[in-house]
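The values are calculated or read from the model by the stated rules, or taken from the named source; none is laboratory data. Note that the structure is a prediction, hence the values are computed from the model and not measured. Cβ coordinates were reconstructed from backbone atoms using ideal geometry, including for glycine residues, and neighbour counts include every protein chain displayed.
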Amino acid sequence: MTGGIETTKDVPLIVDRAGYAITLDDLDFLGLTVDQAADMKRGALPLGMSAAVYQEFVESLRGALHDEGATDADVRIQGSSVKFFSGHHKAMPWDRDEIEDEYLKANSSTTPLSAYSLNSILENLTGHWPDNSNRPEARPFDALYRVGLHGEASDYDVQISSHILVDKVRDQIRRRGVKPTDLRVNKPTYNFVKKEYSSQLAYLAQWAAKACELAGRPVTVAVFDGGGPPDVREEFGELSSHFRNDDDWIIVSPRDGS
């Protein structure tokens, strides 16, 4: 159950894929307010942003896209900042093995957590959600940061689709005397431009660095061709970030002249 703006008391009805509904205690635990959750639910503000920060975030992005010449850009924010919960591929870790595996993955580390750290994280999680029959299955925004498992707060996942930007990347590769084949340019599965190439889009890279400072949390940028991410539901089920025009958080669109 995911739709609507119905509320239970003052808390917007926001549920994960298993039907877990957020509570006022959850918002307090995550450092969020009812108003922030409501603003996200109605599509006004991503979690963690004030109105002033969001306006500058979007306007400065438009400026960077203009400077790149990307008049065809379609930009969407994905992830927990606009959905409250992460996608199907990011389940909440609830036992010691899952916590350690997530720590090693998130920190690209080969050094396991100490027993003390494991216990502390597990106590933080189960202390807030003691009932194992009534816990979120998906990760709430900032939850793993709040319990000490992640070293950084949840990011803003910015998805930019533009034939013009991809053509610029291909031209850069070609000028180095290398063939810009699809396999060389794009990351398998999701088909976004490999970060080592998209990071060479100078105006966009400068925007991303400034946006991190502005927002006070990571900003992740993925560049796709103008058709957006491929629909890979047949292969990977819900693990697909293809365009969903009735559900996506769209901040720049060539179709409305923005």
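Miscellaneous remarks
- Matching residues, the stretch 111-132, being touching a helix residue (DSSP H, G or I) at 6+ places or on another chain (Cβ under 7 Å) and either outside any helix (DSSP H, G or I) or over 25 Å from Thr23 (Cβ atoms) (or both): Pro112, Leu113, Leu118
- Any hit, the stretch 104-115, residues being modelled with pLDDT of 90 or more, of a type outside the set (Phe, Trp, Tyr) and either loosely packed, with under 14 Cβ neighbours inside 10 Å or on the phi < 0 side of the Ramachandran plot (or both): yes
- Contact map, the stretch 40-63: first residue closer than 24 Å to Val15 by Cβ, second residue outside any helix (DSSP H, G or I) and of a type in the set (Ser, Thr, Tyr), Cβ cut-off under 7 Å, separation 6 or more or different chains; pairs are Pro46/Tyr156.
- Single residue of the stretch 1-28 satisfying the filter (surrounded by 13 or more Cβ atoms within 10 Å (Cβ to Cβ) and in a strand (DSSP E or B)) that is modelled with the lowest pLDDT: Thr7
- Close pairs from the stretch 1-22: first over 18 Å from Ser80 (Cβ atoms) and of a type in the set (Phe, Trp, Tyr), partner modelled with pLDDT of 90 or more and not in a strand (DSSP E or B), Cβ under 7 Å, at least 6 apart: none
- When residues in the stretch 213-250 are screened for being at pLDDT 90 or above and either among the basic types (Lys, Arg) or touching a Leu at 6+ places or on another chain (Cβ under 7 Å) (or both), 3 of them pass.
- Residue match in the stretch 70-77 (condition: basic (Lys, Arg), out of contact with any helix residue (DSSP H, G or I) (no Cβ under 8 Å at 6 or more places or on another chain), surrounded by fewer than 20 Cβ atoms within 10 Å (Cβ to Cβ) and under 23 Å from Asp247 (Cα atoms)): no
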